[in-house]
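Student: There's a structure below that I have some questions on.
The values are calculated or read from the model by the stated rules, or taken from the named source; none is laboratory data. It should be emphasised that the depicted structure is a prediction, and the values quoted were computed from it without experimental measurement. Here the Cβ positions follow ideal geometry from the backbone for every residue, glycine too, while neighbour counts run over all protein chains shown. The accessibility values were calculated without ligands, DNA or RNA, using every heavy atom of the protein model including side chains. Shrake-Rupley method; radii C 1.70, N 1.55, O 1.52, S 1.80 Å.
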Amino acid sequence: SGWNAKAQSPANAKGIAQFIPATWASHGVDGNKDGVKDIWDPQDAIPSAAAYDCSLAKYVKDVPGNQTHNMLASYNAGAYAVIKYGGVPPYRETQNYVKTITTLAKSFEAPVQKVQPSQQSAGAIYFAQKQLGKPYLWGGNGTPEQGGRFDCSGLTKAAYKTVGIDLPRVANDQWNAGPHPKRNELLPGDLVFFAYDLDDPRSIHHVGIYVGGGYMINAPYTGAVIRFDKIDSPDYIGATRVTQDGAKALPRANSA
């Protein structure tokens, strides 16, 4: 749903938790106790998703393997399929779904002490997560006067600033803040970039923070909110693994 409480899929999955109406009729709960089970209200939909996952976990509790993986597979393919195959079924969609969700879940693990160099990526991701749902603002640096809103490079700069790394303000200047891992070498915390000309990093027009599973947190464009998006698109030019020394060596620009 991209954190959009009014999202509706082609399969008629509705709301922030993407419930099919028939499933909602069976598992929807009145999470905020206002007397209404509203599929469009996150205060009802999110607790309903949790309750539904708990029900699925009970259905497959005796199936061998990782219980969380089996629960997620049940959500995607149905508990019967998990029971039939004795674990995550051999469906590509379901296997990718389980991998994506468990990978994304790791990005919600907040640092519990002062961020060390090896934990800088986690700290940057943690900051970015806290901005999810905020409206995009062109030139946004997250200041109180701007309502704490960001544009794409303002978000990445602010995220790394929280772990002691000062990036340039402009996305294409952030490109050289470290080495460039290949697509299959990406790690959470890498900056991922998008350009008009894939042979020219100076044409970079967008940046996000990779969180794993093919997804990034990014501030997309005017009218959108900070959200998770897939990184695989025709304008994906590559990634940068931010280092302290790399960031220090970069030029600084004041434009947005």
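Student: Given springs between every Cα pair under 10 Å in a Gaussian network model of the chain, which of Val170, Val60, Val211 has the largest fluctuation?
Tutor: Val60
Student: I'd like the orientation of helix 42-59 relative to the chain: the angle between its Cα long axis and the longest Cα principal axis, in ° from 0 to 90, rounded to 10.
Tutor: 60
Student: At q = 0.10, 0.21 Å⁻¹, work out log10 I(q)/I(0) for region 158-247 with the Debye formula, treating every Cα as an identical point scatterer and leaving solvent out; two decimals please.
Tutor: -0.22, -1.05
Student: If each DSSP helix of 4+ residues adds -39,500 (n - 2.57) and the sum is divided by the residues in the chain, what number results at 222 nm, nearest 500 deg cm²/dmol?
Tutor: -10000 deg cm²/dmol
Student: If you roll a 1.4 angstrom probe over the protein chains with everything in place, what fraction of the accessible area of the chain belongs to carbon and sulfur, to the nearest %?
Tutor: Carbon and sulfur atoms account for 53 percent of the accessible area of the chain.
Student: Further, regarding this structure: Would you be so kind as to identify which of Thr143, Thr162, Met216 lies farthest towards the positive end of the dipole of the chain, taking Lys and Arg as +1 and Asp and Glu as -1 on Cβ and the Cα centre as origin?
Tutor: In the chain, that residue is Thr162.
Student: Right, another one. Quick one: of Lys182/Lys248; Lys6/Lys230; Lys84/Lys230; Lys14/Lys157, which pairs are farther than 26 Å apart, Cα to Cα?
Tutor: Lys84/Lys230; Lys14/Lys157
Student: Something else about it: Just name one of Asn4, Asn184, Tyr59: the one whose Cα is farthest towards the positive end of the charge dipole of the chain (beta-carbon charges, Lys/Arg +1, Asp/Glu -1).
Tutor: Tyr59
Student: Given the peptides 179-186, 235-242, 96-103, arrange them by the average over their residues of other C-beta atoms within 10 Å, most packed first.
Tutor: Top to bottom by mean Cβ count within 10 Å: 235-242, 96-103, 179-186.
Student: Let's see if you can work this out: charge +1 on each Lys and Arg Cβ, -1 on each Asp and Glu Cβ, no other charges. What is the dipole magnitude of region 31-186 about its Cα centre, in debye to the nearest 20?
Tutor: Dipole of region 31-186, to the nearest 20 debye: 340 debye.
Student: Residues of the chain: accessible area per residue at 1.4 Å, in Å²?
Tutor: 52
Student: Then there is this: Take the Cα atoms of region 16-59, find their three principal axes, and give me the spread along each one in whole Å, biggest first.
Tutor: Principal-axis extents of the Cα atoms in region 16-59, largest first: 29, 18, 16 Å.
Student: Where does helix 152-161 land angle-wise versus the long Cα axis of the chain, in degrees 0 to 90, nearest 10?
Tutor: Approximately 80 degrees, to the nearest ten.
Student: Looking at region 1-67, which trypsin sites (Lys or Arg not before Pro) are DSSP coil and have at most 14 other C-beta atoms within 10 Å of their C-beta?
Tutor: Here the trypsin sites (Lys or Arg not before Pro) that fit, given the DSSP loop and packing criteria, are Lys6, Lys33, Lys61.
Student: Using a 1.4 angstrom probe on the protein heavy atoms only, could you order Trp3, Trp24, Trp138 from most to least accessible area?
Tutor: Ranking Trp3, Trp24, Trp138 by accessible area, largest first, yields Trp138, Trp3, Trp24.
Student: Over the Cα atoms, compute the radius of gyration (one decimal) and Dmax (the largest Cα-Cα distance, rounded to a whole number) for the chain, in Å.
Tutor: For the chain, the Cα-based Rg and Dmax read 20.1, 59 Å.
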